[in-house]
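Step one of this worksheet: look at the structure below.
Read-outs throughout are calculated quantities, based only on the coordinates presented, and are distinct from any laboratory measurement. Quick caveat: nothing in here was measured; it's all calculated off a predicted structure. Every residue, glycine as well, gets a Cβ built from its backbone with ideal geometry; the counts of neighbours run over all protein chains shown.
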């Protein structure tokens, strides 16, 4: 199995990284957390123009995909730059609608997702009762057993460790479809969401490690940079190794999904738990080595630190992922 990106895929990743680097995402994250969606929607449009959401939409509905490997690469960059919003939920909703097998429903929603005009949130009640950023979404889908409802209304927001993640219990809506096709489509959407979240975790962890390495080169103690201390080097090295182990698992899971492998779900679970734990380790390392300054809201680093645990647990908590990997 080939795990390396080709030249076109690498160029797409570099281009997306450059777009996000010039977008000053910390300000966008803070605005999103405060309830101001305008900067986030503007960035969403730029991401759509770059083709990010089209990667999850088939060509017959004005997309480029589905292309799980390219999608994972894009979400690594989205995680690296801490982009807010229901990014994962939107591509998962696209995967769900495509797999549902209803051409009219797909035609009504998928072109809008590909173009960036439609922001979607998806709630699978089997995994939890909450939808992410339902109040900011144009379409909210709720899957309860073998029934999917569209147009659900968000309830009161629930607190999250990440202030840019607004969780709510959606209610109401009209029945869009029901039956075995809904269950199958939901399982596939869950795998796509877990893969995208794993990729976000990897990008997040890498950003935290990079910022922490830069900081320990500048902060001094006893007249020398603390990065010269053996204990600090070991902590950073352990964090790097954990992140490096996650990348091939993400690529492997993406290729398994693309091939429709029967083992794709287990591969996705392995990638999710590995990347999630690596990101959480990176956040703890960043917080410890930055000292008290790491706790401050004013420091942009806190925006990344506070995302680590929610992303680790979203779309498959570690215990659930391990159980799935061990299922024979």
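Computed over the alpha-carbon atoms, segment 119-194 gives an Rg to Rh ratio of 0.96, Rh here being the Kirkwood radius from the mean inverse distance. Our compactness index for segment 186-326, the C-alpha radius of gyration over the empirical 2.2 N^0.38 Å, is 1.15.
Going from the fewest other Cβ atoms within 10 Å to the most, the residues 57, 216 appear in the order 216, 57.
For segment 98-232, the antiparallel share of DSSP beta bridges with both residues in that region comes to about 75%.
Considering only beta bridges that DSSP places wholly inside the chain, some 70 percent are antiparallel.
Using all alpha carbons of the chain, what is the percent of pairwise distances in each 20 Å bin, ordered from the shortest bin to the longest? Result, from short to long distances: 33, 58, 9, 0 percent. Would you mind checking segment 36-64 for residues with the amide N under 15 Å from a putative spin-label position 7 Å along Cα→C-beta of residue 117? 45, 48-49, 54, 61-63, by backbone N distance to the label point.
Label sites at residue 153 and residue 238, each approximated as a point 7 angstrom past Cα along Cα to Cβ, lie 5.0 nm apart. Any chance you could give the angle, 0 to 90 degrees and rounded to 10, that helix 87-100 forms with the longest Cα principal axis of the chain? So the inclination is approximately 30 degrees. Compared with the alpha-carbon gap, the fully stretched path from residue 24 to residue 320 is longer by 103.1 nm at 0.36 nm per residue. In whole percents, the pair-distance distribution calculated for segment 243-328 from its alpha-carbon pairs, binned every 5 Å from zero, is 3, 16, 20, 20, 15, 11, 8, 5, 2, 1. By the beta-carbon count within 10 Å of each Cβ, the least crowded to most crowded order of 96, 4, fewest first, is 4, 96. The C-alpha atoms of the chain define a longest principal axis, and helix 7-21 lies at about 70 degrees to it. Compute the helix-to-body angle for 230-259: its Cα long axis versus the longest principal axis of the chain, expressed 0 to 90° and rounded to tens. With rounding to tens, the tilt is 20 degrees. Counted by neighbouring Cβ atoms within 10 Å, the residues 125, 90, 212 run from fewest to most as 125, 212, 90.
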